[in-house]
Amino acid sequence: MTSVPAAGGTKPPAAPKSRKSVTGTRRTVAALFLLPALVLLGALVVYPIGYSVVRSFYDQSGDGFAGIDNYKALFTDEGIRTALKNNIIWVVFAPTVATALGLIFAVLTERVRWGTAFKLVVFMPMAISMLAAGIIFRLVYDQDPDKGFANAVWVGVHDTFSQASAFPKAHPGRDSPLEPAGGGAFITKSPVRAGEAVSLPLVGVAPDLMPDGAAAAAKPEPDKVTGTTWQDFTRGKGVGTLNRVDSAELGYAGMKIEAVKDGRVVASATAADDGTFTLPASADGAQLRLPASNFKEPYNGLDWLGPSLVTPAIIGSYIWMWAGFAMVLIAAGLASVPRELLEAARVDGASEWQVFRRVTVPLLAPVLAVVAVTLMINVLKIFDLVFIIAPGSSQDDANVLALELYRKGFSEDQPGIASAISVFLLLLVIPVMWFNVRRLRREVRR
């Protein structure tokens, strides 16, 4: 189509020339703005990575070329193999549990009025540094139930169903009529007779742990076996008579006594507040046994930081910190889920569990993937919690690659192996990052 000349034979004014694109005309300016960031990136990321790769091929002194010997140590050194195994446990369980808890919290708090306050409380540990969290959980997992919260709860639940003895240190004294019966029990050296009062003296319990009831000497009763079990100890030198109840001595209230004939219990009794007890005539000719349950050591809880539980215990502290992070991200994704789809599923007769499993979770799959991958990268380089929480006796069992890198590089002065571990960690992180980048690109295309 040809242009029509304007009236009077004059040509129309020419269109202004288009400006060149910013990227075409101002690349130099853009490079100048990017230069500080590129310098920092090179100094803080590229150079350390390159130096670590080069250093990993040299020996301990850094002068001799070691080849792949440092990388062979990754699979032959016992400490590194333990660290690798623990890292696998971390990668499998920590992100999975933290993401699952975040999903549950996000879904449930959406339906309650105080959901915002709950989210704030759950997210609050994210404001605490790894160092502070490690110190907190070192105290939480303390073996002493009077100090460690975990064992205080565990011991409280245990003692609700299985009460510990009040006399764990009690034992027969000098010239006592009792002797060990095996398994922590004590038994009289000779049979007892009806109509006699039996003395069962013990020592070994701290006076401030004894019951308050003063001991009393039992009186003989016809056709019955009576006796007293008490703490045969009086404070002060030269006070009290051995194997005889004195006025200042205390009875073992609640002590269980069994009458045993031919290895069979024929009668039993429990000592009163003053330590006295009475057995029926069937106890005549039997030996009296104080069963081991009287002297059972008090339950002291679980050894949370012992070799078998230290890694799960530290993972628990990590989940406490990062479940809030997962919850906030998932809650943000949940807010963008179309409510029409959820309501349509309910109208079609789906239960709440079916709506959650077949509608909510599939729609949240991209967000769940982001959270899980982020946590995987995070746990691959976990160091602070393991270093602080695990005591020296269990640190080898709780070892992870980042901690082993620190130990090889600083404690054992093996920088070549430490560099090989750092390169190995980088190689483990790259596939996870590559997966995340590909997933993000797919999301952009959609």
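Restricting Leu341, Leu364 to residues that are among the hydrophobic types (A, V, I, L, M, F, W, C), over 30 Å from Leu426 (Cβ atoms), without any contact (Cβ under 8 Å) to a residue 40 or more places away in the chain and part of a helix (DSSP H, G or I) narrows the list to Leu341. For first residues located in segment 195-220 and within 21 Å of Pro177 (Cβ to Cβ), partners that are of a type in the set (Lys, Arg) and surrounded by 14 or more Cβ atoms within 10 Å (Cβ to Cβ) and lie 6+ apart or on another chain with Cβ distances below 8 Å form the pairs Gly195/Lys224.
Considering segment 217-248, the residues that are at pLDDT 85 or above and more than 21 Å from Asn294 (Cβ to Cβ) include one that is farthest from the chain's Cα centre (by Cα), namely Pro222. Filtered by the rule that a residue be surrounded by 14 or more Cβ atoms within 10 Å (Cβ to Cβ) and among the hydroxyl-bearing types (Ser, Thr, Tyr), segment 296-355 gives Tyr299, Thr311, Ser317, Tyr318.
Only residues that are closer than 20 Å to Ser165 by Cβ, among the aliphatic types (A, V, I, L, M) and in a helix (DSSP H, G or I) were counted in segment 270-313, giving 1. Would segment 83-96 turn up any residue that is in contact (Cβ under 8 Å) with a residue 12 or more places away in the chain, more than 16 Å from the chain's Cα centre (by Cα), assigned by TED's automatic domain parsing to the domain that holds Gln354 and more than 29 Å from Leu309 (Cα to Cα)? Within segment 83-96, not a single residue is in contact (Cβ under 8 Å) with a residue 12 or more places away in the chain, more than 16 Å from the chain's Cα centre (by Cα), assigned by TED's automatic domain parsing to the domain that holds Gln354 and more than 29 Å from Leu309 (Cα to Cα).
The values are calculated or read from the model by the stated rules, or taken from the named source; none is laboratory data. Not measured: the values here are computed from a predicted model. Cβ coordinates were reconstructed from backbone atoms using ideal geometry, including for glycine residues, and neighbour counts include every protein chain displayed.
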